[in-house]
């Protein structure tokens, strides 16, 4: 049988076709399986890779909450809260190193440096970043909007010319703190550092209310998705998560009153040639802090120069709450109040009071127990009553009254009055970090050295403001007890917290706060009456007199401790007081740290509180009360030469005259 060659060829061709068809089918099935694997099973994996190649995320910044001042304090002014801090938009410049071709990297760095007019070394910094294997490198922070536009203009031409993706260079918007009032309230506000937390991208506060309210001020970042494409514009992208801005904090501070305090304080510190000084002003009835001034000033936008300089560093803290001091004679009115309260308690229990404020006391007969060195007065007067003792700032009289209190009611009772009535030894809770609690010695405790905190002469020292430590706000709170008629107020910087986007009030301080009564109103009135002699002729603080208004207060010139001993040349000189004397609107403390120890002809020693701190109170109180629209309650109490001056009609004229006559009669002075 002869085979047909044509038939054999056809059979072979058919076989080949089957093989090819099977191969193609197998390949097709393999591709289908691969597509299934990629598109279905490994979808997320490849989707992420694709997104990484074509899409990238940038953070959408939130606005940190800002601080506002208090609104108007009287009907004569617009009730508008003003921003004490604002946030200005700035831009951080980023590059995508991997999307910039190798051949263009050096020219990119050179031209970008020229476009930015940057300092020498900036080009080197860009080159260091551009050769890193990364899709995002920050090369410049906090660029203003005008500079951003210049860079964008250069980049548009450069990227188009060299066919580079336009998002090889991009900007991330952020916000930078700005201070419309400059240095005003600098130490209290503080600021935030230029660089944020690398992990959380949250601002890092340097202190003050920025630190105290940090969690409230912080917001939450959003996310924006951008596409890498030569034609994709810089400002396009989908916001896939909106940012949440921080809440705003409204402070009780009033910028006008703060400005008055800073201006008068600066003049006073310079006039006294002092190391520094501070002023605190509080609403005597509510506890709202209206001003916290400190000199030398702190400039928030120059914070680095302060924190890098040891001499400037101390001017960054709020000394009114961080620095404790022995208050000295400003405690004497409070000692009188405690003695009067002791009288009240003893009489109510059927016993005899410890002293009569009108009684003639012979200071030469006073013997204070446990003292190796006899306590002395600056003045050499022999006889005094309570009014004279405060007017002349007698150590002996005040210490002897408290010694009688101790003998009648004990050391623990006296310590309790200092702590529970006037709040010493306890933090006020004011909304600032690092408040010092101060110190009141205890009859039952010892120091770390083993020495008892309380010894026999301790009460006499406490009565005149030594052996205890206080901060300025504690003194304001204590004086407010007298000024408010016996109520203990809560000092506060916080008015309310508001989330602006939703108008949600997160916190609001009540207009009328519940205040515990800690002292009888009659006691407060009697102490106020005695304090009024201090600021009138014959008093240690006559320079604190406020024209047109009544006032009550007390000076102090306390010695500072240096090398373990009291210095005769270094002092903290203070004046604490309130005005008007009845229904007080403000209570204030002025502290001058280390005024020059000198004797000026015709003036005398200038380091005393009555010489350097009292005049500051007078000027501040006068200007603040005028601003508040307060009606003068001493309409004839103006200086000589003022057309309103009527000496014999002025407040306290008759009382001062009678006290002087009594003093002269007791001392046989004609």
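Within the set of pairs 6 or more residues apart or between chains, which connect a residue that is under 18 Å from residue 381 (Cβ atoms) inside the range 639-664 to a residue that is surrounded by fewer than 16 Cβ atoms within 10 Å (Cβ to Cβ) with Cβ atoms less than 7 Å apart?
Filtered contacts from the range 639-664: 656/537; 656/538; 660/538.
A quick yes/no check of all residues on (1) buried (at least 18 other Cβ atoms within 10 Å of the Cβ); (2) touching a strand residue (DSSP E or B) at 6+ places or on another chain (Cβ under 6 Å):
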site	(1), (2)
597	no, yes
625	yes, no
640	no, no
649	no, no
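Take the conditions in the same structural domain as residue 394 (by TED's automatic domain parsing), outside any strand (DSSP E or B) and under 24 Å from residue 345 (Cβ atoms) and apply them to residue 450. Does it pass? Talk me through it step by step, then tell me what you get.
Numbers: in the same structural domain as residue 394 (by TED's automatic domain parsing): yes; outside any strand (DSSP E or B): yes; under 24 Å from residue 345 (Cβ atoms): no.
Answer is no for this residue.
Out of all the residues in the range 306-323, which are in contact with a helix residue (DSSP H, G or I) (Cβ under 9 Å, 6 or more places away or on another chain) and within 19 Å of residue 558 (Cβ to Cβ)?
Passing the criteria: 319, 320, 321, 323.
On the basis of being out of contact with any helix residue (DSSP H, G or I) (no Cβ under 6 Å at 6 or more places or on another chain) and touching a residue at least 40 places away in the same chain (Cβ under 8 Å), does residue 536 make the cut?
no
Check whether at least one residue in the range 595-602 is touching a residue at least 24 places away in the same chain (Cβ under 8 Å) and either over 21 Å from residue 328 (Cβ atoms) or in contact with a helix residue (DSSP H, G or I) (Cβ under 8 Å, 6 or more places away or on another chain) (or both), and report yes or no.
Yes - at least one qualifying residue is present in the range 595-602.
Within the range 460-470, can one find any residue that is assigned to a loop (DSSP other than H, G, I, E, B), assigned by TED's automatic domain parsing to the domain that holds residue 281 and without any contact (Cβ under 8 Å) to a residue 12 or more places away in the chain? Before the answer, list the steps.
Taking the range 460-470 as the starting set, the residues that turn out to be assigned to a loop (DSSP other than H, G, I, E, B) are 464-468.
Applying the additional criterion that residues be assigned by TED's automatic domain parsing to the domain that holds residue 281 yields 464-468.
Adding the requirement that they be without any contact (Cβ under 8 Å) to a residue 12 or more places away in the chain leaves none.
No, the conditions are met nowhere in the range 460-470.
In the list 280, 274, which residue meets the criterion of being under 14 Å from the mean Cα position of the chain (by Cα) and either under 29 Å from residue 600 (Cα atoms) or outside the structural domain of residue 432 (by TED's automatic domain parsing) (or both)?
Residue meeting the stated conditions: 280.
Take residue 635 and decide whether it is more than 30 Å from residue 364 (Cβ to Cβ), in a loop (DSSP other than H, G, I, E, B) and touching a strand residue (DSSP E or B) at 6+ places or on another chain (Cβ under 6 Å).
No, not satisfied.
For residue 605, indicate whether it is modelled with pLDDT under 95 and either crowded, with 22+ Cβ neighbours inside 10 Å or closer than 30 Å to residue 318 by Cβ (or both).
yes
Residue 328 versus (1) surrounded by fewer than 21 Cβ atoms within 10 Å (Cβ to Cβ); (2) at positive phi: which is the lone unmet condition?
It fails just one condition, (1).
The values are calculated or read from the model by the stated rules, or taken from the named source; none is laboratory data. Just so it is clear, the model here is predicted, and its values are computed rather than measured. Every residue, glycine as well, gets a Cβ built from its backbone with ideal geometry; the counts of neighbours run over all protein chains shown.
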